[in-house]
Amino acid sequence: MKRAAVVTAVAVLGLTLTACTDDDKTTGVVDKPDRSAASQPADSPSATATTPAPAKAAKVGDAITITGQSDGEQVQVTLKKVADPAKSADEFFKPDAGKRWVGAQFEIVNTGTADYDDSPGNGSQIADAQGQRFETTFAEITAGPSMTSSAKVKPGAKVLGWLVYEVPKGAKLASIQFSMNSGFADETAEWKLG
């Protein structure tokens with residue numbers, strides 16, 4: 001009797017969890033740029049062909065659209081520029097010994113129906129060719145203004161700024177990632193570097 005009750009409880013729990021999932025939602029790393037005329041040069045073959053060429057990995061300048069954890073959360077993120085090495089805007093604050101700073105300028109456009117309310121730096125990492133990942137650090141660089149640490153962006157609006165990472169001086173950088181919800185969203189945008 002106890003066994004039948006446990007089996008029934010497990011089955012009901014399993015069905016409840018299955019019903020709560022969003023099967024239409026993409027998860028994982030999104031490393032292909034958005035397919036739009038804005039993200040392709042007008043003279044590129046895929047811009048005029050009837051059958052588009054397979055998308056290549058996203059790179060600096062490409063936009064990637066990702067979703068957040070809640071309904072209506074969606075942003076289009078463009079890695080605009082990379083400064084490697086990035087120079088300190090403050091003569092007293094420098095990278096630790098044996099390290100360098102790398103800056104990445106992101107433009108985040110709220111393409112969803114809900115406000116984008118996040119700390120963008122919490123959801124970004126840079127990786128080297130060995131697979132080591134490095135998170136953002138607080139630093140002002142000469143490349144431009146820092147990304148806000150508290151973005152509150154209504155639908156249709158955007159935010160632009162630089163995130164800074166501290167990496168080993170000799171590290172060969174391979175990719176950079178950005179995710180919503182301070183890195184806890186199901187989708188992560190990724191751009192190849194180098």
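The values are calculated or read from the model by the stated rules, or taken from the named source; none is laboratory data. These figures come from a predicted structure and were not determined experimentally. Here the Cβ is made from the backbone with ideal geometry for all residues, glycine too, and neighbour counts use every protein chain on show. We work out accessible area using only protein heavy atoms, side chains counted, and drop any ligands, DNA or RNA first. Shrake-Rupley method; radii C 1.70, N 1.55, O 1.52, S 1.80 Å.
Kindly indicate whether any position in the stretch 66-76 is at pLDDT 90 or above, more than 19 Å from the chain's Cα centre (by Cα) and part of a strand (DSSP E or B). No, that holds for no residue.
Looking only at residues of the stretch 138-148 that are surrounded by 13 or more Cβ atoms within 10 Å (Cβ to Cβ) and closer than 29 Å to Gly72 by Cα, we find that the one that is nearest to the chain's Cα centre (by Cα) is Met147. Taking Leu15 and the conditions (1) in a helix (DSSP H, G or I); (2) at pLDDT 95 or above, which numbered condition does it fall short on, given that it satisfies the others? With respect to (1) in a helix (DSSP H, G or I); (2) at pLDDT 95 or above, Leu15 is out only on (2). Count of the stretch 150-193 residues, restricted to those that are open to solvent by 40 Å² or more (accessible area, probe 1.4 Å), in a loop (DSSP other than H, G, I, E, B) and out of contact with any Lys or Arg (no Cβ under 7 Å at 6 or more places or on another chain), is 7.
Here is a yes/no grid of residues against (1) open to solvent by less than 80 Å² (accessible area, probe 1.4 Å); (2) part of a loop (DSSP other than H, G, I, E, B):
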site: Ala86; (1), (2): yes, yes
site: Glu91; (1), (2): no, yes
site: Pro95; (1), (2): yes, yes
site: Glu107; (1), (2): yes, no
site: Gly112; (1), (2): yes, yes
site: Gln125; (1), (2): yes, no
site: Gln130; (1), (2): no, yes
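Take the conditions (1) open to solvent by 70 Å² or more (accessible area, probe 1.4 Å); (2) assigned to a strand (DSSP E or B); (3) in contact with a helix residue (DSSP H, G or I) (Cβ under 7 Å, 6 or more places away or on another chain); Glu135 misses just one of them, which is (3).
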